[in-house]
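Taking it in order: structure first as structure tokens, then the write-up.
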Protein chains: 2
Amino acid sequence: MDIEDTLLMIPGPVKVAPRVLRAMSKPMISHRSGEFGAIYSECAELLKEFFQTKNQIAIMTGSGTLGMDAAVAGIIGHEDKIVTISNGKFGERFTEIGERYGKCVPVKFDWGMPFDLDRVEAALEEGAKAVAMVHNETSVGLTNPAKEVGRLAKKYDAVFIVDGISSIGGNEFLTDEWNIDIAITGSQKALAVPPGLAVVSVSPRAEERFLAQSASYYADLKAHLKSARKSPAQTPFTPAVPLFFAMQEALHMAAEEGFAARRERAAKQAESVRSAAKALGIELFPQTNENSHYSNTVTAMKMPEGVSDDKLRGGMKKKGVIVSGGQEQLKGKIFRIGTMGVCSSGDLLRTIQTLELILLKEGNIHSCGVGVEAMSRVLDS
Amino acid sequence: MDIEDTLLMIPGPVKVAPRVLRAMSKPMISHRSGEFGAIYSECAELLKEFFQTKNQIAIMTGSGTLGMDAAVAGIIGHEDKIVTISNGKFGERFTEIGERYGKCVPVKFDWGMPFDLDRVEAALEEGAKAVAMVHNETSVGLTNPAKEVGRLAKKYDAVFIVDGISSIGGNEFLTDEWNIDIAITGSQKALAVPPGLAVVSVSPRAEERFLAQSASYYADLKAHLKSARKSPAQTPFTPAVPLFFAMQEALHMAAEEGFAARRERAAKQAESVRSAAKALGIELFPQTNENSHYSNTVTAMKMPEGVSDDKLRGGMKKKGVIVSGGQEQLKGKIFRIGTMGVCSSGDLLRTIQTLELILLKEGNIHSCGVGVEAMSRVLDS
């Protein structure tokens, strides 16, 4: 595999723009310098636009999971209850984290099925310090109703924690309007930065309800917020400096495009993938309803009749296009295409064209072009 | 400040070689691919040479502190005792971490003073599940007696945890020979990689004594080791891919130089700094004895008579050379120069020459050159 000539179309890490990659090759600077502080502060300000929030932002060195961990470990003590809603792998991760630190009340749906909000409300009625959910369930390509759960969290006075990792900057995500107390994203998704930074926004209400001491030392959100508020801004522990260089450059790119324009582009791109799938007779995987939508950042499709994961994804990889498979119970049953960050129309057309070549070879279609044509109609609309 | 023309001489993050910086600008790859797994495995193998160990290596996305956190959170439950020895900032960090997860027995010495091994033994005699120490105390420039504490850990059957963050690859550090059960380093020290990766080696004995469940979710060492052993090697959560590219390249550089040669170079370079300091009438900060030595990776010196931190470090920074100040209680009292990784003779000579120009301006010396000359004599020996 020649990675310089490979197209990465997985739902994160996503393709990174060359100017962002180049930003990482600047010489190292001290993480306690004014120069670093200025980069941190500028990123935090621009990230507020991404998050649609006025809340304080903390940038932590680690994966998005570190942000989820920090949120729960900072709020939930051994005796505290947390309601965790899941309909895929990452929702279940919140359950695992909740069980690690406190009393977890899981509200579990089948992977890819929409939330039943009555069940969520029934769990919250029993009383809980917090409720956690994944906005965009990457494992199944479904966008969950954060706004509606936010209303319930407010009604039952629970701290509302939302994993926006594959959502923020791609899907509509209104942190403040939806009452989201702690929102989390990762650098490698719609920001189109390499992986390694978690970004967390924290409301004053959540800060008031922090435990006296976080259950975690490294993921101690209180310590991260305190350092972020210093002048110059800092991190409590040595940060991944090159990833901050990359994030600054990527946020400049996003600001140049416009934050709203980027979200609209992701919406159109995801629609174009769905349209191509339909033209090719490929079924979408998740179930939707009035509050739960096909994701704008990742499209999950059922494996076409009679085609193995190895033939489909392995074949595409040989042609230089990497798409994701299903995780855990969905291994071999679905495949997924990401439409986040700086993904272009050209990237998408190459992806569908490559998929068509595989389907042609496997006998699922008899000629090439219908998927590409359907996609192009949406992209050009 | 033009960061492209600034020399970073702090004890981490250290200067990174251009070829390592360039390695980070490769396109993103999937962290679940064979390509990533091969990089992880190659790094882990080469790191064994750095660590002088046969133990399993885990590479985690986060600062060195994440490694310290992972070690303690994995071993120490609420009812378990851990002896933490400190004579500087990072030793005290182990105490903070120990207090977060279990019953901490601090053995505290003044910053920069050698350990009193009798006091360490007295604490261990009372019984403890683990003992933790910092090998090279970056905050004071002192190398602590890991070998001797390792003997005591064995005698009292305690899991031996050593922060080797600013040590491994620079100082002599014999993980297996010294009975070190969990050794930790960070990418931004002697490896000369940008910050953002923690590396941890874990002995079979430590694995046997892991808690059923780590106190931390993200820093769960058991999960990290399990993923590292997969084929292809993985990480439990999305890793900072570009830092793995950088680490692979930096390890190639270290292997080309030779791991032993690199340690010897650091030793000679640190000696050359001490020699220059002596020639310039600057006192070294830490106290040493038969088991505690001036560090080969960071030299801590007292601020010269009548010169403020601002004049010395601020003046050097204006001339493009960044050195570190003292931390916390030592702020304004000491300054520190790192000699780790790919630091060259030219870098060191420029540093001392710049220091001389400041001392001349402040009236501490009457002519330039003695420091440079003394340094050069050591470097050329």
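Those residues that are touching a Leu at 6+ places or on another chain (Cβ under 8 Å) and either more than 30 Å from A:A17 (Cβ to Cβ) or facing chain B (nearest Cβ under 8 Å) (or both), I need them from the stretch A:198-231; list them, please.
So the first thing to find is which residues in the stretch A:198-231 are touching a Leu at 6+ places or on another chain (Cβ under 8 Å), and the list is A:198-202, A:207, A:210, A:214, A:218-219.
Across the stretch A:198-231, the qualifying residues are A:E207, A:F210, A:S214, A:Y218, A:A219.
Can A:V298 be described as surrounded by 22 or more Cβ atoms within 10 Å (Cβ to Cβ), touching a Pro at 6+ places or on another chain (Cβ under 6 Å) and either more than 11 Å from A:M9 (Cβ to Cβ) or in contact (Cβ under 8 Å) with a residue 12 or more places away in the chain (or both)?
On the way: surrounded by 22 or more Cβ atoms within 10 Å (Cβ to Cβ): yes; touching a Pro at 6+ places or on another chain (Cβ under 6 Å): yes; either more than 11 Å from A:M9 (Cβ to Cβ) or in contact (Cβ under 8 Å) with a residue 12 or more places away in the chain (or both): yes.
Answer is yes for this residue.
Before we move on, is B:E328 charged (D, E, K, R) and either touching a strand residue (DSSP E or B) at 6+ places or on another chain (Cβ under 6 Å) or in contact (Cβ under 8 Å) with a residue 60 or more places away in the chain (or both)?
yes
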Next on the checklist: more than 8 Å from chain A (Cβ to nearest Cβ) and either buried (at least 19 other Cβ atoms within 10 Å of the Cβ) or polar (S, T, N, Q) (or both): is that true of B:A23 in this structure?
Outcome noted: yes
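Go through the stretch B:221-233 and give me each residue that's under 25 Å from A:Y217 (Cβ atoms), touching a Gly at 6+ places or on another chain (Cβ under 7 Å) and crowded, with 20+ Cβ neighbours inside 10 Å.
The one that is under 25 Å from A:Y217 (Cβ atoms), touching a Gly at 6+ places or on another chain (Cβ under 7 Å) and crowded, with 20+ Cβ neighbours inside 10 Å: B:L221.
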Item to check | Among (1) crowded, with 19+ Cβ neighbours inside 10 Å; (2) in a loop (DSSP other than H, G, I, E, B), the one test that B:G306 misses | outcome: (1)
Next on the checklist: With the requirement that a residue be under 20 Å from A:G64 (Cβ atoms) and among the charged types (D, E, K, R), what does the stretch A:106-146 give you?
Outcome noted: A:E137
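Could you list all residues from the stretch B:237-248 that are buried (at least 20 other Cβ atoms within 10 Å of the Cβ), in a helix (DSSP H, G or I) and out of contact with any Lys or Arg (no Cβ under 6 Å at 6 or more places or on another chain)? Show your work before the answer.
So in the stretch B:237-248, the residues buried (at least 20 other Cβ atoms within 10 Å of the Cβ) come out as B:237-247.
Narrowing the set further to residues that are in a helix (DSSP H, G or I) leaves B:241-247.
Scanning the stretch B:237-248 gives B:V241, B:P242, B:L243, B:F244, B:A246, B:M247.
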Checklist entry - Of the residues in the stretch B:185-197, how many are within 12 Å of chain A (Cβ to nearest Cβ) and either more than 20 Å from B:F245 (Cα to Cα) or of a type in the set (A, V, I, L, M, F, W, C) (or both)? => result 3
Checklist outcome for this item: How many residues of the stretch B:72-106 are crowded, with 24+ Cβ neighbours inside 10 Å, part of a helix (DSSP H, G or I) and in contact (Cβ under 8 Å) with a residue 40 or more places away in the chain? The answer is 7
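Among the residues of the stretch A:204-221, which ones are out of contact with any Lys or Arg (no Cβ under 9 Å at 6 or more places or on another chain) and under 25 Å from A:G169 (Cα atoms)? Steps first, answer last, please.
As a first pass, look at the stretch A:204-221 and keep what is out of contact with any Lys or Arg (no Cβ under 9 Å at 6 or more places or on another chain): A:204-206, A:208, A:212, A:218-219, A:221.
Once the filter is applied, which keeps residues that are out of contact with any Lys or Arg (no Cβ under 9 Å at 6 or more places or on another chain) and under 25 Å from A:G169 (Cα atoms), the stretch A:204-221 yields A:P204, A:R205, A:A206, A:A219, A:L221.
Going by the conditions given, is B:K318 farther than 29 Å from B:A254 by Cα and without any contact (Cβ under 8 Å) to a residue 24 or more places away in the chain?
Values: farther than 29 Å from B:A254 by Cα: yes; without any contact (Cβ under 8 Å) to a residue 24 or more places away in the chain: yes.
So B:K318 passes the test.
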Checklist entry - Which number in (1) within 21 Å of B:T235 (Cα to Cα); (2) touching a residue at least 60 places away in the same chain (Cβ under 8 Å) marks the one condition that A:A190 misses? => result (1)
Item to check | Single condition B:K147 does not satisfy, out of (1) buried (at least 22 other Cβ atoms within 10 Å of the Cβ); (2) of a type in the set (K, R); (3) under 21 Å from B:A267 (Cβ atoms) | outcome: (1)
Checklist entry - Taking the stretch A:292-326 as the region of interest, how many residues are at pLDDT below 95 and either closer than 23 Å to A:E148 by Cβ or among the polar types (S, T, N, Q) (or both)? => result 0
Item to check | Selection within the stretch A:150-190 - touching a Phe, Trp or Tyr at 6+ places or on another chain (Cβ under 7 Å) and either assigned to a helix (DSSP H, G or I) or among the β-branched types (V, I, T) (or both) | outcome: A:G150, A:A153, A:I168, A:T175, A:I180
Next on the checklist: Taking the condition of being of a type outside the set (F, W, Y) and either surrounded by 18 or more Cβ atoms within 10 Å (Cβ to Cβ) or in contact (Cβ under 8 Å) with a residue 24 or more places away in the chain (or both), how many residues in the stretch B:253-262 meet it?
Outcome noted: 4
Item to check | Subset of the stretch B:1-20 (residues that are more than 7 Å from chain A (Cβ to nearest Cβ) and surrounded by fewer than 16 Cβ atoms within 10 Å (Cβ to Cβ)) | outcome: B:D2, B:D5, B:P18, B:R19
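Restricting attention to the stretch A:263-295, which residues are of a type in the set (S, T, Y) and either surrounded by fewer than 17 Cβ atoms within 10 Å (Cβ to Cβ) or within 30 Å of A:C43 (Cα to Cα) (or both)?
Within the stretch A:263-295, the subset of a type in the set (S, T, Y) is A:272, A:275, A:288, A:292, A:294-295.
Passing the criteria: A:T288, A:Y294, A:S295.
Is it fair to say A:F335 is free of Cβ contacts under 8 Å to residues at least 60 places away in the same chain and either touching a Lys or Arg at 6+ places or on another chain (Cβ under 7 Å) or in the same structural domain as A:L142 (by TED's automatic domain parsing) (or both)? Before you say what the answer is, go through the steps one by one.
Details: free of Cβ contacts under 8 Å to residues at least 60 places away in the same chain: yes; either touching a Lys or Arg at 6+ places or on another chain (Cβ under 7 Å) or in the same structural domain as A:L142 (by TED's automatic domain parsing) (or both): yes.
Taking the combined requirement at face value, the residue satisfies it.
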Next on the checklist: I need a count of the residues in the stretch A:9-44 that are out of contact with any helix residue (DSSP H, G or I) (no Cβ under 9 Å at 6 or more places or on another chain) and either hydrophobic (A, V, I, L, M, F, W, C) or in a helix (DSSP H, G or I) (or both).
Outcome noted: 6
Checklist outcome for this item: Per the filter on the stretch A:159-173, residues in contact with a Gly (Cβ under 9 Å, 6 or more places away or on another chain) and surrounded by fewer than 24 Cβ atoms within 10 Å (Cβ to Cβ) are A:N171
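Out of A:F109, A:F90, A:F94, I need the residue that is under 17 Å from the mean Cα position of the chain (by Cα), of a type in the set (F, W, Y) and farther than 20 Å from A:Y156 by Cα. Which one? Walk me through how you get there before you give the answer.
Working: A:F109 fails: under 17 Å from the mean Cα position of the chain (by Cα); A:F94 fails: farther than 20 Å from A:Y156 by Cα.
On inspection, the qualifying residue turns out to be A:F90.
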Checklist entry - Of the residues that make up the stretch B:342-363, is at least one buried (at least 17 other Cβ atoms within 10 Å of the Cβ), under 25 Å from B:D110 (Cα atoms) and either touching a Pro at 6+ places or on another chain (Cβ under 8 Å) or modelled with pLDDT under 95 (or both)? => result no
Item to check | Test: residue in the stretch A:40-58 that is touching a residue at least 60 places away in the same chain (Cβ under 8 Å) and within 11 Å of another protein chain (Cβ to nearest Cβ) | outcome: no
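Table: residues versus (1) under 23 Å from A:V134 (Cβ atoms); (2) in a helix (DSSP H, G or I); (3) in the same structural domain as A:V342 (by TED's automatic domain parsing).
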position: A:E207; (1), (2), (3): yes, yes, no
position: A:F210; (1), (2), (3): yes, no, no
position: A:Y217; (1), (2), (3): no, no, no
position: A:K226; (1), (2), (3): no, yes, no
position: A:T235; (1), (2), (3): no, no, no
position: A:R262; (1), (2), (3): yes, yes, yes
position: A:R274; (1), (2), (3): yes, yes, yes
position: A:T288; (1), (2), (3): yes, no, yes
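The values are calculated or read from the model by the stated rules, or taken from the named source; none is laboratory data. All values derive from a computational prediction rather than experimental measurement. Please note: Cβ atoms are built from the backbone with ideal geometry, for glycine as well, and neighbour counts cover all protein chains shown.
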